[in-house]
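After the structure tokens below, expect a handful of questions from me.
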Amino acid sequence: MNSHKKSLEDYRKEFPVTRSYVYLDHAGVAPVSLRGKRAVEKFLSEATESGMFNYKQWMDRVEEVRRSCAILTGAEPEEIAFVKNTSQGISIVAEGLDWKEGDNLLICEKDFPSNIYPWLNLKRKGVEIRVVPSQNERILLEDIELLIDSRTKLLTVSSVNFSSGFKIDLEVVGRLCKGKGILFFVDAIQSLGVIPMDVNEFKIDFLAADGHKWLLSPEGTGIFYCRKELALRINPPLIGWKSIINESDYDHVDFRLKTNALRFEEGSLNVMGIYALGAAIDLLVEVGIDRIQARVIELGDLIIREAEKRDFQVRTPKSKEERGGIISIIGNFDPIKVKDKLKEEGILVNVRGGAIRISPHFYNTEYEVLRLFNAIDEVIKSK
């Protein structure tokens, strides 16, 4: 069957969580699909029954998943390293670049801490941290330009802000960085899997994303992209047996680091996590990232309409070009109390920045969105 002829309702069956809950927190920790579960069960079954007799097949699958990650991001397989989380990917660059005292880098106001603390840690090396202000929940190109000078080495942004849901124009920002000769890092955890990504088209030099949000994979396995021309500029913060070109020659010391992104995989990989990530990506690619984005935007439109009917303030930019899968709303209610009451009703949303954050994925339905707002109405009435 052509996958694009399968209805989204058919894919909904992949997510047993829908039998018991309305799950609208994919910007937090997403549920895992049946395919992901089966992939992990397959690995555990083989590891239990055969030990390492299947080791070659495991490594072959790891490389298949690496190729899938490359396709998902527009990269080449040797530009992809598996990491345990987004923070690790960011820290590889923050700690690995050759910073000089007096260099500066740009971070964004109101960004997630993962994309702030690794850079602030560079102050100890004499690096100046410049903060691009957030205006009306947006990061503006002109504000970025104002902060760039001859000592600016890198700009880091989140593709979609974790709180407001603002989606930055990566193509425009990447073109600016390329023109100014500065490195461009993207924290893509809030977009990868739901918004098409092309690191070459967007002139991205480095990218990191964990799998447990929009990629619909378990926590603890993510990807790090390093443009191949830049791998040698990054001194790996961690070194191990797999960092080396002749990684399988255990009897001879030959300290020559790999020349691509694989130099950042210092030791044994989380093969079980990679199995789950691979199954999740296979599912998303089968559905189609463009199709997923269209569906999530459609559900976002409905959330915005229902919020405005109730005179709630929509913090997220309403333009389709400026948002991903997150819609944040504020009303005449305590967001924490509303979130907790909704959870009691089996409806999962979250609170960030004092707003209710709603983040549906492609398998969610209009009925679930309406059920959410009806439940919010009931919570407000019962105050």
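Quick note: the coordinates plus some simple rules give every number you see, no bench work behind them. Everything numeric in this text was worked out from a predicted model, so none of it was measured. All Cβ positions, glycine included, derive from the backbone under ideal geometry; neighbour counts span all protein chains shown.
Calculate the spin-label point distance for LYS42 paired with TYR367, positioning each point 7 Å from the Cα along the beta-carbon direction, and give it in nanometres.
3.2
May I ask you to compute the full-extension gain from ASN136 to ASP377, defined as 0.36 nm times their residue separation minus their alpha-carbon distance, rounded to one decimal in nm?
Contour length minus Cα-Cα distance gives 84.0 nm.
Right, here's the next one. Dipole magnitude of the chain about its Cα centre, charges +1 at Lys/Arg Cβ and -1 at Asp/Glu Cβ only, in debye to the nearest 20? Present the calculation step by step, with values, prior to reporting the outcome.
Working: 54 positive and 58 negative charges, 128 e Å.
My answer is approximately 620 debye.
In whole angstrom, how far apart do the alpha carbon centroids of segment 93-115 and segment 356-383 sit?
38
If I take every Cα pair under 8 Å that is 6 or more residues apart in the chain, average their sequence separation and divide by the length, what percent do I get for the relative contact order? Write down the numbers at each step before the final one.
On the way: 718 pairs, mean separation 88.4, N = 383.
RCO, the chain: 23 percent.
Pick from GLU63, GLU298, GLU142: which is most flexible by mean-square fluctuation in a GNM of the chain where alpha carbon atoms under 10 Å apart are linked?
GLU142
I would also like to ask the following. When the helix-only estimate is applied to the chain (DSSP H runs of n ≥ 4, each -39,500 (n - 2.57), divided by the residue count), what is the mean residue ellipticity at 222 nm, nearest 500 deg cm²/dmol?
Helix contribution divided over all residues of the chain: -11500 deg cm²/dmol.
Please report TYR23, TYR55, TYR367 as a ranked list, fewest other C-beta atoms within 10 angstrom at the top and most at the bottom.
TYR367, TYR55, TYR23
Once phi is turned into θ = phi - 60°, what whole-Hz ³J(HN,Hα) does the Karplus curve with 6.51, -1.76 and 1.60 give for every residue of segment 351-364, x standing for Gly and Pro?
Running phi through 6.51 cos²θ - 1.76 cosθ + 1.60 with θ = phi - 60° gives 10, 9, x, x, 10, 6, 9, 10, 9, x, 10, 5, 8, 6 Hz.
Still on this model: Taking 0.36 nm per intervening residue step and subtracting the Cα-Cα distance, what contour gain separates ASN200 from GLU321 on full extension?
Contour length minus Cα-Cα distance gives 41.6 nm.
Can you put SER382, SER359 in order of Cβ neighbours within 10 angstrom, beginning with the fewest?
Listing SER382, SER359 from fewest to most nearby Cβ atoms yields SER382, SER359.
List the residues whose amide H sits under 5 Å from the amide H of GLU128, counting only those 5 or more places along or on another chain, with H placed 1.01 Å from N in the peptide plane.
Those lying under 5 Å, H to H, from GLU128 are GLY102, ASP103, ASN104, LEU105.
Over segment 109-236, how many percent of alpha carbon pairs lie in each 5 Å bin up to the one with the longest distance?
2, 10, 20, 24, 23, 15, 6, 1, 0
First select every other residue whose beta carbon is under 13 angstrom from the beta carbon of ARG151; then total the charges, Lys and Arg +1, Asp and Glu -1. Could you put the intermediate results ahead of the total?
Working: positive: LYS100, ARG130, LYS153, LYS180; negative: GLU101, ASP103, GLU128, ASP149.
Once all neighbours under 13 Å are counted, the net charge is 0.
I want to verify the translational diffusion coefficient of segment 62-140 in µm²/s; compute it with Stokes-Einstein, Rh as the Kirkwood radius over Cα pairs, at 4 °C and 1.567 mPa s.
89
How big is segment 10-100 by Rg and Dmax over its Cα atoms, in Å?
Rg and Dmax of segment 10-100, Cα atoms, are 17.6, 55 Å.
By counting other Cβ atoms within 10 Å of each Cβ, how are MET197, MET52 ranked from fewest to most?
MET52, MET197
So, one more: Quick check: convex hull of the Cα atoms in segment 40-285, volume per residue, rounded to a whole Å³?
In segment 40-285, the Cα convex hull volume per residue is 121 Å³.
Given R₀ = 25 Å, FRET efficiency for ASP10-GLU64 by Cβ-Cβ distance, to 0.05?
For ASP10 and GLU64, the calculated efficiency is 0.50.
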